[in-house]
Each structure stands twice: as structure tokens, then as C-alpha cells.
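Peer 1: One structure, as C-alpha cells, below. Some questions next.
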Amino acid sequence: MKVGIPKGLLYYKYHPFLQTFFSELGAEIITSTDTNKRVLDEGVKYCVDEACLPIKIFHGHVSLLKNKCDVIVIPRIMQIRSREYICPKFCGLPEMVLSSIPDMPQAIIEPIYASSEEELYDWAQKAGKTITKNRNVIKNAFHKAIDEQQKYKTGIKNENYNLNVALAGHPYNIYDEFINMNIVKKLNKLGVGVVTEEYMEDELIDSRVKTLYKRPFWTFARNTYGFTVESSLEKKVNGIIYISSFACGIDSVIVELIKDKIGDFPFMILKVDEHTGEAGLETRVEAFVDMLERSC
Ligand code: SF4
């Protein structure tokens, strides 16, 4: 059986788990291509206009993958940390995709609660049934998938640059080079190093989040807030670049909370949508770097 895994949204963080799990069950894994203009065009064609860019791109990946596989995985990721949630668009992602794209193959859409291994195992037993009825095979595949995920490390930390910026935002905006138009390479070329939140200790992020009047509901917003505030107040970087999706409700809240805390620390928000042009983004990045150089 061919299992399709779209290269969109949290694929960038959790693909070792998904790929290992389904391949250990005996399936052949088919992934979509890296995001490109064709993927974007397909996404824009099928997705509702109001959705953010990463959701549109996910639709594009599904559309280009659907005829190459027998079953497609549409991860309905609900939770990865206790008492916190992922964006509501993830909760309704399967319904959005299945109602917009015609002639879809069978889809695996069980909700994923991953704040504990027990809960994730529950998902594995339900999702694995599509491939095999043997519970032991599913159990072994699950443990191998967990091992592979634990070996995998995301995050960027460039060394030996005189100027450094904290690059903040949702993982798909940071790691999908089509969405962010290769911003890391652009910054490196301008002599600026990049660091992302994965290189900050959880305790430091927690200590900043605890100062908020109310704890955030959303895991990625929480991480971004703690990372950017700690980086600026402790002067660990020279500036912050936040890649934000146009029409993202979570970003609109968290950006204001960050601005409120960091005062006049250099902070640039790059809003991305399907109309964002590379020349415009480059100009803004160059101007920001120029400003950082002058203020050093
Ligand atoms: S968090 Fe924002 S960018 Fe991510 S899927 Fe939700 S609305 Fe889109």
C-alpha cells in the first residue's frame, strides 16, 4: 500500500515519526515535492481565500500527491504539550482539505494528541489499522518511530558572525525555504548569523512566559514569545526577525505581546502570503541589516 505524506505544515518537525511509523507497518511512503510555485498555485486554486499561506500550501501538496498514493495522511495535530493546543486550523484541516479537493483517496485523519506517549500510542493504534490489523506490528512500528523522532534535531544556530538575529515564527515558516524565500541564506550572505528557538533552553523560555498575565493556549506562540523576549532582554542577538503569515490570528496576538515587552529592541515582522515578492522581501532584509550595522 502506498501512503502519501504531504510536505507541508508540521511535516518539517515530525516527518521522521510519520515516515518511520508507516514504513515499519509495511507501507511504501510517497511524499510530495519540496514546496514550489506549482504547489502554491494548486493550493490557491483549492483552498478558501481567507486561509493563511501555510494552509494553502498544504492544500497544494495534497492535491499534487493524491493520485500517487492509496492512502493519504492529513495530520490533525491537536496537542503536543499538556494544557496547550495547536492552532484551530489544524483541528479542522482534514475537513477543509476533504471538502475542497475532489477525488481524494482514503485519508488518515484521527486526532493526534501527543502530549504524552500513551496518548500518541492511542493515535498509532487507530491510524495503523488502515495498514494492518496486527496490534503488535503497530506497537513495534510506534516505538521505532518514536526513536527516529528523538534522534532528529531541528533548529539553526550559525556560528562566527559579528551580527546575529533571532529568527522567529511557526516552524513551517522557518523551515520551508519557498515560504521564507531562503531568508537564512540571504542573511548569511549579508554577514548575519541566525539562531532559532530550538537552541534556547526550555527553562529560559518558561521563565519569560511565566511573566505573562495569562498563560498562552498555543504551544508555538508560547515558544516564540519566550525565545524572542529572552533573546532581546538578555541581548543574546542584535535583532529579531519574525516571519508571520498574513491572516494568522495567533501571530497578531503574540507580536503585540512581544513588542510590548521588548521596547525599542530591533524587531522586524515579515508578513508572507501568496503575493509576497522576493525583491520586496530582500529590500526589507537589507534595510534591517543596514540598521543593525549602524547601531553597533
Ligand atoms: S498558526 Fe497561523 S500560520 Fe499557522 S496554521 Fe494557524 S493561522 Fe496559519
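Peer 1: Would you mind checking which residues have amide H under 5 Å from Gly4's amide H? H placed 1.01 Å from N; only 5 or more apart, or other chain.
Peer 2: Ile30, Asp70, Val71, Ile72, Val73
Peer 1: Return an integer: the convex hull volume of the alpha-carbon atoms of the stretch 223-273, in Å³ per residue.
Peer 2: On the way: hull volume 3.3 nm³, N = 51.
Hull volume over Cα atoms, normalised by residue count, gives 65 Å³.
Peer 1: Here is a follow-up. What pairs in Lys13/Lys261; Lys66/Lys126; Lys151/Lys261 have C-alpha atoms more than 24 Å from each other?
Peer 2: In this structure, Lys13/Lys261; Lys151/Lys261 lie more than 24 Å apart at Cα.
Peer 1: Let me ask something else about it. Would you mind putting 39-48, 103-112 in packing order, based on average other-beta-carbon counts within 10 Å, highest first? Could the numbers behind the result be given before it?
Peer 2: Values: 39-48: 18.6, 103-112: 16.6.
Going from most to least packed, we get 39-48, 103-112.
Peer 1: Continuing with this model, one more query. Largest first and in whole Å, what are the equivalent-ellipsoid semi-axes of the stretch 49-145 based on the Cα gyration tensor, each being the root of 5 times an eigenvalue? Don't jump to the answer; show the numbers that get you there.
Peer 2: On the way: eigenvalues 120, 73, 16 Å².
Taking √(5λ) for each Cα gyration eigenvalue gives 25, 19, 9 Å.
Peer 1: Can you give me the Cα centroid spacing of the stretch 14-48 and the stretch 221-236 in angstrom?
Peer 2: 32 Å
Peer 1: Using only the Cα atoms of the stretch 163-295, each taken as one equal point scatterer with no solvent, compute I(q) by the Debye sum, divide by I(0), and report log10 of the ratio at q = 0.14, 0.18, 0.19 Å⁻¹.
Peer 2: Taking Cα atoms of the stretch 163-295 as identical point scatterers yields -0.59, -0.99, -1.10.
Peer 1: May I ask you to work out the translational diffusion coefficient for the chain at 10 °C, viscosity 1.306 mPa s, via Stokes-Einstein with Rh from the Kirkwood sum over Cα pairs, reported in whole µm²/s? Please list the in-between numbers first.
Peer 2: Details: Rh = 20.1 Å.
Result for D is 79 µm²/s.
Peer 1: Then there's this: Could you order peptides 70-83, 115-128 by the average number of other Cβ atoms within 10 Å of their residues, highest first? Could the numbers behind the result be given before it?
Peer 2: On the way: 70-83: 18.9, 115-128: 16.5.
In decreasing order of mean packing, 70-83, 115-128 become 70-83, 115-128.
Peer 1: Something else now. Can you tell me the length gained on complete extension of the stretch Leu98 to Lys235, counting 0.36 nm per residue apart and subtracting the Cα distance?
Peer 2: On the way: separation 137, 0.36 × 137 = 49.32 nm, distance 4.63 nm.
Once the chain is fully extended between Leu98 and Lys235, it gains 44.7 nm.
Peer 1: Here's another thing I want to ask about it. How far, in degrees from 0 to 90, does helix 53-65 lean away from the longest principal axis of the Cα atoms of the chain, to the nearest 10?
Peer 2: Approximately 30 degrees, to the nearest ten.
Peer 1: In the neighborhood of Cys52, defined by Cβ-to-Cβ distances under 12 Å, what is the net charge if each Lys or Arg adds +1 and each Asp or Glu adds -1?
Peer 2: Values: positive: Lys56, Lys89, Lys271; negative: Asp49, Glu50, Asp251, Asp273, Glu274.
Net of charged neighbours comes to -2.
Peer 1: Amide H neighbours of Trp218 under 5 Å, at least 5 residues apart or on other chains, H built in the peptide plane: list them.
Peer 2: Hits under the 5 Å cutoff: Tyr85.
Peer 1: Could you work out how much longer the chain between Lys126 and Thr33 gets when fully extended? Use 0.36 nm per residue separation minus the Cα distance between them, nm to one decimal. Before the final figure, lay out each step's value.
Peer 2: Numbers: separation 93, 0.36 × 93 = 33.48 nm, distance 2.74 nm.
Length gained between Lys126 and Thr33: 30.7 nm.
Peer 1: Please list 3J(HN,Hα) in residue order for the stretch 148-162, calculated via the Karplus relation 6.51 cos²θ - 1.76 cosθ + 1.60 where θ = phi - 60°; whole Hz, with x for glycine and proline.
Peer 2: 4, 5, 5, 6, 8, 10, 9, x, 10, 9, 7, 10, 6, 10, 6
Peer 1: Would you check the accessible area of His61, probe 1.4 Å, heavy atoms only, in square angstrom rounded to 10?
Peer 2: Here the accessible area works out near 0 Å².
Peer 1: Could you grab the Rg to Rh ratio for the stretch 80-209? Cα atoms only, Kirkwood for Rh. Please report the intermediate quantities before stating the final value.
Peer 2: Details: Rg = 19.1 Å, Rh = 18.2 Å.
Using only Cα positions, Rg/Rh for the stretch 80-209 is 1.05.
Peer 1: Hey, can you grab everything whose amide H is under 5 Å from the amide H of Gly239? Only 5+ residues off in sequence or another chain; H modelled, so Pro and N-termini drop out.
Peer 2: Asn164, Ala166
The values are calculated or read from the model by the stated rules, or taken from the named source; none is laboratory data. Keep in mind it's a predicted model, so treat the numbers as computed, not measured. All Cβ positions, even for glycine, are placed from backbone atoms using ideal geometry, and neighbour counts span all protein chains on display. In case anyone asks, the SASA skips ligands and DNA or RNA and just uses the protein heavy atoms, side chains included. Shrake-Rupley method; radii C 1.70, N 1.55, O 1.52, S 1.80 Å.
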